[in-house]
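What follows is one structure encoded as structure tokens, with my remarks underneath.
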Amino acid sequence: MKTFFISAIILLSAFSVHAQKDVVFGIKAGLNFSKFGKDVDADGRTSLFIGGLADITLDNEQFHIQPEILYSSEGSEDLEANFIRVLGVGKYYPMDELSLEAGPQFGFLISGDEAVEDNAKSFDYGLTFGVGYELSDIGLLFNLRYNVGIANLGENDVDTNMSSFQLGVGYKFY
């Protein structure tokens, strides 16, 4: 786990060195509406996520890259799975303050119910798609995302993945 955090700090530092004046850091939190899919037949779970972000403006003001590191509690009904999620979100602004978002995500299972820990792999990957709205004059941001898991998380002949909708709110430190 130490290697993961050191790598994330180095990655964020590299971005900030490359574009010092165009990097804005922030925090975010929100609700997860998640569910294990395929072979796991259980209702969804509502839980929370919290973390940090760095918004990096590219040469064209309409395109940004936003790496994020989140603690995310997920799972299905009666199945808790807690992840550290690393996202590389590309953002396109078709108009002021409104962004379309997409990119890869990687998850590291850090804890969970006994059934999850005994039957789930510890590494997840997938894609995220969404829309965001920012009140840039006060630093407030909102987003709605769909995270689709691509990796098979199941062990012991279980085929399952993790997917979730996220409703988030955050603050950028301008």
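The values are calculated or read from the model by the stated rules, or taken from the named source; none is laboratory data. Remember, predicted model here, so these are calculated numbers, not experimental data. Cβ coordinates were reconstructed from backbone atoms using ideal geometry, including for glycine residues, and neighbour counts include every protein chain displayed. Remember, those area values only see protein heavy atoms, side chains included, never the ligands or the DNA or RNA. Shrake-Rupley method; radii C 1.70, N 1.55, O 1.52, S 1.80 Å.
Taking the Cα centre of the chain as the origin and placing charges on Cβ (Lys, Arg +1; Asp, Glu -1), which of Leu79, Phe165, Phe63 is farthest toward the positive end of the dipole? Most positive-ward Cα: Phe63. Near Glu80, the amide H atoms lying under 5 Å from its own belong to Asp113; only residues 5 or more places off or on other chains count, and H is placed 1.01 Å from N. The mean sequence separation of alpha-carbon pairs under 8 Å and at least six residues apart, normalised by the residue count of the stretch 74-122, gives a relative contact order of 39 percent. Our estimate of slack between Leu100 and Ile50, defined as 0.36 nm per intervening residue step minus the Cα-Cα distance, is 15.9 nm. Each Cα pair under 8 Å and six or more residues apart adds its separation to the average, and for the stretch 37-174 the resulting relative contact order is 18 percent.
Which percent of the accessible area of the chain is formed by carbon and sulfur heavy atoms (probe 1.4 angstrom)?
Numbers: 5720 of 9170 Å².
Carbon-and-sulfur percentage of accessible area, whole number: 62.
Placing dummy labels 7 Å off each Cα toward the beta-carbon, the span from Val23 to Phe142 is 3.0 nm. Quick one: which of Lys38/Lys121; Lys91/Lys121; Lys28/Lys91; Lys91/Lys172 span more than 23 angstrom between C-alpha atoms? Long pairs (Cα-Cα over 23 Å): Lys91/Lys121. For Ala151, nonlocal amide neighbours, meaning residues 5 or more places apart or on other chains whose placed amide H falls under 5 Å from its own, are Tyr125.
Which whole number of Å³ per residue matches the convex hull of the alpha-carbon atoms in the stretch 73-174? Write out the running numbers ahead of the final one.
Working: hull volume 9.9 nm³, N = 102.
For the stretch 73-174, the hull spanned by Cα atoms encloses 97 Å³ per residue.
A simple count of charges around Ser163, restricted to other residues whose Cβ falls under 15 Å of its Cβ and scoring Lys, Arg +1 and Asp, Glu -1, yields -2.
Dividing the helix sum by the residues of the chain, where each DSSP H run of 4 or more adds -39500 (n - 2.57), gives a mean residue ellipticity at 222 nm of -4000 deg cm²/dmol. Each Lys or Arg adds one and each Asp or Glu subtracts one; over the other residues with Cβ under 12 Å from the Cβ of Tyr71, this totals 0. For the stretch 23-116, the Kirkwood estimate of the hydrodynamic radius, built from every pair of different alpha carbons, is 14.7 Å. Sequence-ordered 3J(HN,Hα) estimates for the stretch 62-70 from the Karplus curve with 6.51, -1.76 and 1.60 and θ = phi - 60° stand at 7, 10, 10, 10, 10, x, 9, 10, 10 Hz, glycine and proline given as x.
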